[in-house]
Amino acid sequence: MASMLKSLTTVGGNTMVSRVLGFVRDLVLARVFGADAATDAFFVAFKIPNFLRRLFAEGAFATAFVPVLMEYKEQRSHDELKALVDHVAGTLGLVLLVVSFVGVVAAPLLVSVFAFGWVMEGAVEKLDLAAQMLRLTFPYLLFISLTAFAGGILNAHNRFAIPAFTPVLLNLCLIGAALWLSPMFDQPVVALAWGVLVAGVVQFTFQLPFLHRLQLFPGFRPAPRHEGVRRIMKLMVPALFAVSIVQINLLLDTVLASFLQTGSISWLYYSDRLMEFPQGVLGVALATVILPGLSRRHADGDPESFSQTLDWGLRTTVLLGAPAAAGLAVLSAPMITTLFMSDNFDARDVHMASLSLMAYSVGLLAFILIKVLAPGYYARQDTRTPVHIGLIAMGVNMLFNLVLIFPLQHAGLALATSLSAFVNAGLLFRGLRQRNVYQPGAEWKTLWLRTLVGCVVMVGVLRWGMPSLEDWIAAGTLLRAGWLALWIGIGMTVYGACLYATGIRLRHLQNTRQAGKQE
């Protein structure tokens, strides 16, 4: 597992750079635009193509494409591999071109569907502004999906760094649009929509030279009847829903939040963005690394190594994901205060966003577990089982939404998403165990105990030692930033010390069998 840990470090490191710059981006957006009707309109216009990106590109397409691509890479000639790349690129590009055209034409209808609460309240200006921006942001789906296609090829060839770095370009484009382009518009927030469109083009073209080095520069030859393309399409149909259940739940949160008070969509957005930092650094990195590894072991017919790879992913998730969730909950208000509080984002906005962030943190571990468990099905080209599980989880989410939205408002929507994620992860785990695909090691009880002890001690130290929220709000920007960095560092140090004191070592993330013997 040492090579996978190295790849995870590479992906996680680049993803961390992207997420840190994403925080800078959100800090700029919060300070320049605040949390009002205009920002709500932009976040709806951005969320629709972004949701489809996660559904098609990083979701269904990636899970269907990578296993077939790995099979061609391991068992076919380079010419056959190149033909697959050309035909998939052409077919995918043609479909996305049509979808993008329809999305631009139907922008007002899409906005009305995904922000139906605005229709009910007669918020014509917000609907019109969101539709105007959606016409600019929707073509982002075309370019970012092709970016994911290129990234899948690079990941299959163990070129993890470039795809992981690429999202940095989106953040740079949006920061530039907010600071320098927005003053040129009568409605400044429209500049962000232009920034999204430019970012899609830049991210795709950035990866093309690296495909050329692999002699896999896409030829864009549509061929839906090609054997490999047909297999990918067949796998994609059920995966379209299953792999992005969490994203569908988040989108449903946006629809329901449009019925709540103004600012609710923005509060959910900012809290979701903070939750995505650990989810991206660990969850996305694990999913990126583990899917090609599992696909390779399945193609090689090695079920023991397949199970060990899953075990490595789950151990890593628990050891790193549990303290991230605990820390995010404790530091929710200080984080939002430090990053977003300004004249346009006041103490009330801080409080409301921190409530939904704490609710999201409850499900952080489950969100990451899904990213590790779902590839256990997709690598074996089983996309149907996660569909059934996803339907159950989605029904649970809607039930919790209806129960929790009334007493907890927008925070209830976030908590419902977290609880349904645990249902999803639990059912995925049970399915792998029932099929004997995954055999957990005997050391898991001890691992959970050590992790729990570390988290409890870490939370106790943070709660006891941190300044009060009132002091945090009253402090200056630099002092807040210093405090936040200090207490994040203290939390990590305390947790790491607890793990070390109870016998956890780095080699336990490198070799599952060795870890078991150490217990």
Within the chain: Cβ-based charge dipole about Cα centre, in debye rounded to nearest 20 (Lys, Arg +1; Asp, Glu -1): 1580 debye
Spin-label model distance (nm) - GLU80 vs MET184, 7 Å beyond Cα toward Cβ: 5.1 nm
Scattering profile of the chain at q = 0.06, 0.07, 0.12, 0.13 Å⁻¹ [log10 I(q)/I(0), Debye over alpha-carbon scatterers]: -0.27, -0.37, -1.16, -1.38
Environment charge at HIS87 (Cβ cut-off 14 Å; Lys +1, Arg +1, Asp -1, Glu -1): +2
Of LEU419, PRO375, ALA30, farthest towards positive along the dipole that unit charges on Lys, Arg, Asp, Glu beta carbons give the chain: PRO375
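Rounded to the nearest 20 debye, what is the charge dipole size of the range 1-234 about its Cα centre when +1 sits on each Lys and Arg Cβ and -1 on each Asp and Glu Cβ? List each step's numbers first, then the result.
Values: 19 positive and 14 negative charges, 145 e Å.
With only Lys, Arg, Asp and Glu charged at Cβ, the dipole is about 700 debye.
Give me the dipole magnitude in Debye, nearest 20, for the range 244-443 about the Cα centre, with unit charges on the beta carbon: positive for Lys and Arg, negative for Asp and Glu.
Working: 11 positive and 12 negative charges, 101 e Å.
About 480 debye.
Specify the longest stretch of the chain that does not include any exposed loop site, a site being one of the trypsin sites (Lys or Arg not before Pro) with a non-H, G, I, E, B DSSP assignment and at most 16 other Cβ atoms within 10 Å. If you can, show how the numbers build up before the last one.
Values: sites that count: ARG76, ARG225, ARG435, ARG505.
It runs 226-434.
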Computed label-point distance, nm, for sites VAL202 and ARG433 using a 7 Å Cα→Cβ extension: 4.7 nm
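Please report Rg over Rh for the range 244-443, where both radii come from the alpha carbon positions and Rh follows the Kirkwood definition. Don't skip to the end; give the middle numbers.
Numbers: Rg = 17.9 Å, Rh = 17.5 Å.
Dividing the radius of gyration by the Kirkwood radius yields 1.02.
At R0 = 45 Å, how high is the FRET efficiency between ALA497 and ASP36 if r is their beta carbon distance? Nearest 0.05 is fine.
Details: r = 44 Å, r/R0 = 0.98.
Efficiency at R0 = 45 Å is approximately 0.55.
What is the range 376-474 by shape, rounded, prolate or oblate, if you read a ≥ b ≥ c off the alpha carbon gyration tensor as root eigenvalues and call it rounded for a/c under 1.5, prolate for a/b larger than b/c, and oblate otherwise?
Values: a/c = 3.36, a/b = 1.35, b/c = 2.49.
Oblate is the answer for the range 376-474, as a/c is 1.5 or above yet b/c matches or exceeds a/b.
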Tally of Lys pairs whose C-alpha atoms are under 30 Å apart, taken over the chain, 8 or more apart or cross-chain: 17
Structure-based [θ]222 nm, the chain - -39500 (n - 2.57) summed over DSSP H runs of at least 4, per residue, nearest 500: -26500 deg cm²/dmol
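Grab the other residues whose beta carbon is less than 12 angstrom from that of PHE138, score K and R as +1, D and E as -1, and report the net. Don't skip to the answer; put the middle values down first.
On the way: positive: LYS47, ARG53, ARG135; negative: none.
So the environment of PHE138 carries a net charge of +3.
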Segment ALA106-ALA161, length gained on full extension (0.36 nm per residue, minus Cα span): 16.1 nm
Pairwise label distance in nanometres, VAL403 with LEU486, each label 7 Å out on the Cα-Cβ vector: 4.2 nm
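Values quoted throughout were computed directly from the atomic coordinates according to the rules given, and no laboratory measurement underlies them. Quantities reported herein were computed from a predicted structural model and do not represent experimental measurements. Glycine also receives a Cβ, built like all others from the backbone with ideal geometry; neighbour counts cover every protein chain displayed.
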